[in-house]
Amino acid sequence: MAIREIIILPDKQLRLVSRPIEKVTPEIRKLADDMFETMYDAPGIGLAGIQIAQPVRIITMDLARRDEDGELNPRPRVFINPEILSASEELSVYEEGCLSIPEYYEEVERPARVRIRFTDLDGNVHEEDAEGIFATCIQHEIDHLNGVLFVDYLSKLKRDRVLKKFTKAAKLAGK
Ligand code: GNR
Ligand code: NI
């Protein structure tokens, strides 16, 4: 396993539309392993392949739950070729952040519930209903697969401001 570099704004790769995964190969399993290691190290609750410069439709996620003793139970999950089948009319607001836009947080309104279809690492297809932070996170990650970032939902003023800040920082870093 390896921690890989997370690409950040204004890297244009973040705007790529990732390609579907035709078959779950050993390379895909290795990619998922590296994504988990990178995500836990960051730390983040979700990661899309393109965030480590791999434009393929794969997401890792861990929305760890606390049990009665307050113990944190890890729940690593992989979503391959995820699709949103339907979304609720009801919306909910979460303060979102993104590992590709470090230390920037804003409230985003999205459907409160979505029904998703995805393939797992064994190649089995599942359908599932998502709500709460799971619904927000899976929508945030599927957006990455389509080259969409959460700042795209903010006002042009806020989006331009954050883009400018990261462009300036990249220039100063000589990138
Ligand atoms: O770690 C993350 N936290 C988060 C919080 C609210 C809504 C979405 C997220 S996903 C983010 C990690 C990330 O950038 N995934 O693409
Ligand atoms: Ni993100």
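The values are calculated or read from the model by the stated rules, or taken from the named source; none is laboratory data. Model, not experiment: these values are computed from the prediction. Virtual Cβ from ideal backbone geometry, glycine too; neighbours counted across all protein chains shown. Side chains are part of the model used for accessible areas, which takes the heavy atoms of the whole protein and leaves out ligands, DNA and RNA. Shrake-Rupley method; radii C 1.70, N 1.55, O 1.52, S 1.80 Å.
Some points to look at:
- Residue within the range 84-99 that is open to solvent by 20 Å² or more (accessible area, probe 1.4 Å), in contact with a strand residue (DSSP E or B) (Cβ under 6 Å, 6 or more places away or on another chain) and of a type in the set (Phe, Trp, Tyr) present: no
- Selection status of LEU14, closer than 30 Å to ALA170 by Cα, open to solvent by less than 10 Å² (accessible area, probe 1.4 Å) and either modelled with pLDDT under 95 or within 16 Å of ligand 2 (Cβ to nearest atom) (or both): yes
- Every pair of residues 6+ apart whose Cβ atoms lie under 9 Å, when the first sits in the range 17-36 and is among the polar types (S, T, N, Q) while the second is not in a loop (DSSP other than H, G, I, E, B): SER18/ALA48; SER18/GLY49; SER18/ILE50; SER18/VAL56; SER18/ILE58; SER18/HIS144; SER18/LEU145
- Where ARG57 falls short, out of the listed (1) exposed (fewer than 15 other Cβ atoms within 10 Å of the Cβ); (2) away from ligand 1 (no atom under 13 Å from the Cβ); (3) among the charged types (D, E, K, R); (4) modelled with pLDDT of 95 or more: (1)
- For ILE52, the requirement of being open to solvent by less than 20 Å² (accessible area, probe 1.4 Å), closer than 14 Å to LEU99 by Cα and touching a Phe, Trp or Tyr at 6+ places or on another chain (Cβ under 6 Å) is not met.
This table checks each residue for (1) acidic (Asp, Glu); (2) within 10 Å of ligand 1 (Cβ to nearest atom).
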position	(1), (2)
ASP67	yes, no
PRO74	no, no
ILE84	no, no
GLU89	yes, no
GLY97	no, yes
TYR104	no, no
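- When ALA64, ALA87 are checked against the criterion of being of a type in the set (A, V, I, L, M) and within 16 Å of the chain's Cα centre (by Cα), a single residue qualifies: ALA64.
- Which numbered condition ARG75 fails, given (1) open to solvent by 70 Å² or more (accessible area, probe 1.4 Å); (2) under 21 Å from MET39 (Cβ atoms); (3) modelled with pLDDT of 95 or more: (3)
- Leading residue by the ranking (surrounded by the fewest Cβ atoms within 10 Å (Cβ to Cβ)) among those in the range 20-46 that are within 16 Å of ligand 1 (Cβ to nearest atom) and hydroxyl-bearing (Ser, Thr, Tyr): TYR40
- Test: residue in the range 108-123 that is more than 13 Å from ligand 1 (Cβ to nearest atom) and farther than 19 Å from MET61 by Cβ: no
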